[in-house]
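Below: one structure, written as structure tokens.
The values are calculated or read from the model by the stated rules, or taken from the named source; none is laboratory data. Only a predicted model underlies this, so the values are computations on that prediction, with no experimental measurement involved. Counting neighbours? That spans all protein chains shown, and the Cβs are built from the backbone with ideal geometry, glycine included.
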Amino acid sequence: MILRAGPHIFDFSKRAYIMGILNVTPDSFSDGGLYLEPEKAVERALRMAGEGADIIDIGGESTRPGAAALSAEVEIGRTLPVIEAIKKGAQIPVSIDTCKAAVASAALDAGADIINDISAMRFDAAMPGLAARSGAPVILMHMKGTPADMQKNPRYDALIPEILDYLRVSIRLAVDAGVEEEKIIIDPGIGFGKTMEHNLEILKNLESFTGLGKPVLVGPSRKAFIGHILGGAPPADRLEGTIAAATIAIMNGANILRVHDVKEVSKAARVADAIKRS
């Protein structure tokens with residue numbers, strides 16, 4: 001399975017790829033405020049590239065549980081200077097983490113290569129058409145509700161089948177708008193409208209999602225379910241749990257890992273890949 005993003009080629013038959021998280025926000029759950037200044041954000045991006053990141057995922061709007069939506073203008077103001085500076089300093093692919101077509105369009109014009117939409121292009125009716133016209137790969141994620149309400153007692157009658165059905169519909173919406181099948185990545189949405197038990201079930205049954213025939217992205221990094229398992233550990237103390245979840249994800253079919261701790265997870269991923277492919 002091969003994905004092309006501009007001049008970049010990802011061959012998922014060889015290994016899992018690492019997506020480094022770069023939140024240029026004041027209120028993200030783990031690193032909010034750390035990289036709000038463009039200079040610090042660019043420094044962090046280049047450091048992650050040196051530590052083994054294959055993609056830098058840039059977001060200007062927090063999607064933590066309870067987060068309120070921002071205007072496209074604010075997102076653009078936060079993300080564009082960072083994207084432009086990264087592209088001047090490195091050849092690494094950049095994804096824009098947004099559910100707004102205007103933000104995605106501005107980011108692509110600034111050099112971004114991939115659209116990462118937590119709403120699976122359902123929040124903005126203009127997003128599917130934009131993605132199709134741009135030719136950029138799109139990441140379609142499952143989420144129950146919105147960031148503002150997604151963790152208010154999420155319920156499922158059949159977790160895995162319901163997520164699969166949601167993603168099938170999302171893929172069809174994208175393809176019907178003109179997005180190429182080979183440009184679609186799926187994400188089951190760890191932590192987005194899921195309890196701890198839901199997240200564990202997804203990771204345990206991740207192989208079910210490979211049946212959709214698309215690269216699978218998983219984002220367990222520093223999530224609350226890890227903190228709960230570790231006795232209430234705060235985000236900064238969830239590295240080992242993140243590595244464990246990432247390793248399990250690779251063994252069960254993940255193609256891309258979206259993480260904060262690039263250096264450590266990329267090393268673990270290399271070992272997991274070697275074992276899986278031996």
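When the stretch 150-188 is limited to residues that are crowded, with 18+ Cβ neighbours inside 10 Å and modelled with pLDDT under 95, the one that is nearest to Leu200 (Cα to Cα) turns out to be Gln151. When Thr195, Thr247 are checked against the criterion of being buried (at least 16 other Cβ atoms within 10 Å of the Cβ), at pLDDT below 95 and among the hydroxyl-bearing types (Ser, Thr, Tyr), Thr195 stands alone in meeting it.
Scanning the stretch 113-129 for residues that are more than 12 Å from the chain's Cα centre (by Cα), surrounded by 22 or more Cβ atoms within 10 Å (Cβ to Cβ) and at pLDDT 95 or above yields a total of 3.
Yes or no, residue by residue, for (1) under 21 Å from Ala69 (Cβ atoms); (2) in contact (Cβ under 8 Å) with a residue 60 or more places away in the chain; (3) of a type in the set (A, V, I, L, M, F, W, C):
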{"site": "Val138", "(1), (2), (3)": "yes, no, yes"}
{"site": "Arg168", "(1), (2), (3)": "no, no, no"}
{"site": "Ala177", "(1), (2), (3)": "no, no, yes"}
{"site": "Val216", "(1), (2), (3)": "no, no, yes"}
{"site": "Ile229", "(1), (2), (3)": "no, no, yes"}
{"site": "Ala233", "(1), (2), (3)": "no, no, yes"}
{"site": "Asp237", "(1), (2), (3)": "no, no, no"}
{"site": "Ile243", "(1), (2), (3)": "no, no, yes"}
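For the stretch 11-33, which residues satisfy the criterion of being touching a Phe, Trp or Tyr at 6+ places or on another chain (Cβ under 8 Å) and modelled with pLDDT of 95 or more?
Step one: of the stretch 11-33, the residues touching a Phe, Trp or Tyr at 6+ places or on another chain (Cβ under 8 Å) are 17, 22-24.
Result: Tyr17, single match.
Take the residues in the stretch 248-266 that are in a helix (DSSP H, G or I), within 17 Å of Pro188 (Cβ to Cβ) and β-branched (Val, Ile, Thr); name whichever of them is nearest to the chain's Cα centre (by Cα). It comes out as Ile250.
Here is a yes/no grid of residues against (1) under 15 Å from Ala45 (Cα atoms); (2) of a type outside the set (S, T, N, Q); (3) at pLDDT below 90; (4) crowded, with 18+ Cβ neighbours inside 10 Å:
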position	(1), (2), (3), (4)
Lys88	yes, yes, yes, no
Gln91	yes, no, yes, no
Ala101	no, yes, no, yes
Arg133	no, yes, no, no
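Counting only residues that are modelled with pLDDT of 80 or more and in contact with a Ser or Thr (Cβ under 8 Å, 6 or more places away or on another chain), the stretch 34-69 holds 10 of them. Checked across the stretch 94-114, the condition of being touching a helix residue (DSSP H, G or I) at 6+ places or on another chain (Cβ under 6 Å) and of a type in the set (Lys, Arg) holds for at least one residue. Consider Glu162 carefully, then state whether it is touching a Phe, Trp or Tyr at 6+ places or on another chain (Cβ under 9 Å), of a type outside the set (Val, Ile, Thr) and in a helix (DSSP H, G or I). In short, yes.
With respect to Leu108, is the statement that it is on the phi < 0 side of the Ramachandran plot, touching a Leu at 6+ places or on another chain (Cβ under 7 Å) and modelled with pLDDT of 95 or more true? Against the criterion (on the phi < 0 side of the Ramachandran plot, touching a Leu at 6+ places or on another chain (Cβ under 7 Å) and modelled with pLDDT of 95 or more), Leu108 does not qualify.
I need a count of the residues in the stretch 234-244 that are surrounded by 15 or more Cβ atoms within 10 Å (Cβ to Cβ) and either at pLDDT below 95 or hydroxyl-bearing (Ser, Thr, Tyr) (or both).
Residues that pass the stated criteria total 2.
Restricting the stretch 38-81 to residues that are in contact with a Phe, Trp or Tyr (Cβ under 8 Å, 6 or more places away or on another chain) and part of a helix (DSSP H, G or I), the residue that is surrounded by the fewest Cβ atoms within 10 Å (Cβ to Cβ) is Arg44.
Looking at the structure I just gave you, is Ala224 out of contact with any Asp or Glu (no Cβ under 9 Å at 6 or more places or on another chain), at pLDDT 95 or above and buried (at least 18 other Cβ atoms within 10 Å of the Cβ)? It is false that Ala224 is out of contact with any Asp or Glu (no Cβ under 9 Å at 6 or more places or on another chain), at pLDDT 95 or above and buried (at least 18 other Cβ atoms within 10 Å of the Cβ).
When we screen Asp113, Asp165 for residues that are of a type in the set (D, E, K, R) and under 20 Å from Ile56 (Cβ atoms), the only hit is Asp113.
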